[in-house]
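Notes follow the structure.
The values are calculated or read from the model by the stated rules, or taken from the named source; none is laboratory data. All values reported here derive from a predicted model rather than from experimental measurement. All Cβ positions, glycine included, derive from the backbone under ideal geometry; neighbour counts span all protein chains shown.
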Amino acid sequence: VGPCTFGVYVGAVTSLAVGTWSRTAMLGLILGRDARGVFAFSATCTHSGCVVGAPDTSGNMVCACHGSRFDGAGRVLNGPAREPLQHYRVRICAGRVRVDRGEFVADTDRTPVT
Ligand code: FES
């Protein structure tokens with residue numbers, strides 16, 4: 001499977017500036033981009049499955065259901081959640097970002113923007 005048909009299309013890489021995050025609530029994903037590239041993780045809280053709120057300018061997110069907080073890499077800042085948000089494989093084809101929720105990656109994984 002080549003990168004252009006991989007996973008689901010989540011948006012143009014140009015719409016994701018370095019140092020920002022965006023939530024695609026419909027797809028249940030948080031997208032982020034840092035100096036090393038693009039990353040994506042689940043927006044589903046690991047406590048009881050609510051969808052976390054949109055990231056603030058630092059990337060931190062709050063789950064409104066019971067108050068868990070996560071940082072911009074999906075790591076737990078405070079519970080009741082105990083597990084981080086799951087990261088997924090990202091590929092970029094012709095400027096289009098695609099995410100495969102069937103392939104888990106580490107929270108340090110980045111897809112470079114070339
Ligand atoms: Fe998110 Fe409980 S479901 S804190």
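Here is a check on your reading of the model: is ARG23 of a type in the set (Lys, Arg) and modelled with pLDDT of 95 or more? Give the derivation first.
On the way: of a type in the set (Lys, Arg): yes; modelled with pLDDT of 95 or more: no.
It is false that ARG23 is of a type in the set (Lys, Arg) and modelled with pLDDT of 95 or more.
Quick check, is GLY67 modelled with pLDDT of 95 or more, in a loop (DSSP other than H, G, I, E, B), surrounded by 15 or more Cβ atoms within 10 Å (Cβ to Cβ) and not charged (D, E, K, R)? For GLY67, the condition - modelled with pLDDT of 95 or more, in a loop (DSSP other than H, G, I, E, B), surrounded by 15 or more Cβ atoms within 10 Å (Cβ to Cβ) and not charged (D, E, K, R) - is not met.
Determine whether the stretch 43-65 contains at least one residue that is in contact (Cβ under 8 Å) with a residue 60 or more places away in the chain, of a type outside the set (Gly, Ala, Ser) and in contact with a strand residue (DSSP E or B) (Cβ under 7 Å, 6 or more places away or on another chain). No. Tell me, which residue of the stretch 70-95 that is surrounded by fewer than 16 Cβ atoms within 10 Å (Cβ to Cβ), in a strand (DSSP E or B) and not aliphatic (A, V, I, L, M) is modelled with the highest pLDDT? Checking each candidate, the answer is ASN78. In the stretch 42-57, the residue that is farthest from THR114 (Cα to Cα) out of those that are at pLDDT 95 or above and of a type in the set (S, T, N, Q) is SER48. Looking at PHE39, PHE104, just one residue is farther than 17 Å from LEU16 by Cα, at pLDDT 95 or above and hydrophobic (A, V, I, L, M, F, W, C), and that residue is PHE104. Being surrounded by 16 or more Cβ atoms within 10 Å (Cβ to Cβ), under 11 Å from the mean Cα position of the chain (by Cα) and assigned to a strand (DSSP E or B) is true of ILE30.
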